[in-house]
Amino acid sequence: MTVSKIDLLGKKFNRCMRGYCTEEVDLVMHDAAEALGEAADENRRLMERLVELERVQASRSPDPALSQPASDMRGTLAAGRKIVEEIHGNARRDAQRILEDARLEAARIKADANLMKARIFEEIAEMRAQREAFEQELRKLLEDHFRLLESSETSSASGQSDGEFTFVEGRE
């Protein structure tokens, strides 16, 4: 797969919480695209120069002195191609590393979120248990008060009253 300057500059990555700094990634991508574009431009210029030199050489009589620069140009062109391939390889490796780092960061963020979720569920369970305990205590308290009221009503109905005293006169 060949990657061009336009491919690198047009590449968009998904965004996620706590991902890599987009400005830094954009800067690296821009620098890689520029280097790739410069190498491709240099390669194109060298190819044009080679074609021009071969055309000039073909129009002249065969001269051994002119054959040397063409072979030098072929060597330079081969070296330029090798440099471009190295840049492509480096760009691919860097992109893979960035993607792998982003995946690892995403996994870490997900694990943190799952841990927070588990803690929240634990807190909810604890609050439910506290609520149930409170409801049981309140229910017991209300039942005790209801029994007290019933016993008070029963006492009043049988003629006994709490807290009333009968005074008998004439006794000394």
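The values are calculated or read from the model by the stated rules, or taken from the named source; none is laboratory data. Being a predicted model, the structure only gives us computed values, none of them experimental. When we count neighbours, we look across all protein chains shown, and the Cβ atoms used for this are built from the backbone with ideal geometry, even at glycine. Heavy atoms of the whole protein, side chains included, go into the accessibility calculation; ligands, DNA and RNA do not. Shrake-Rupley method; radii C 1.70, N 1.55, O 1.52, S 1.80 Å.
Here are the numbers for this structure:
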item: Odd one out for Thr76, checked against (1) open to solvent by 60 Å² or more (accessible area, probe 1.4 Å); (2) under 33 Å from the mean Cα position of the chain (by Cα); (3) of a type outside the set (Lys, Arg); (4) modelled with pLDDT of 75 or more; result: (2)
item: Leu104 part of a helix (DSSP H, G or I), aliphatic (A, V, I, L, M) and farther than 25 Å from Glu24 by Cα; result: no
item: Any hit, the stretch 32-47, residues being free of Cβ contacts under 8 Å to residues at least 12 places away in the same chain and either more than 15 Å from Ser4 (Cα to Cα) or of a type in the set (Lys, Arg) (or both); result: yes
item: Filter pass, Asp94 being open to solvent by 60 Å² or more (accessible area, probe 1.4 Å), touching a residue at least 60 places away in the same chain (Cβ under 8 Å) and within 19 Å of Ala32 (Cα to Cα); result: yes
item: Pick from the stretch 50-73, criterion at pLDDT 80 or above and surrounded by 15 or more Cβ atoms within 10 Å (Cβ to Cβ), ranking: farthest from the chain's Cα centre (by Cα); result: Leu53
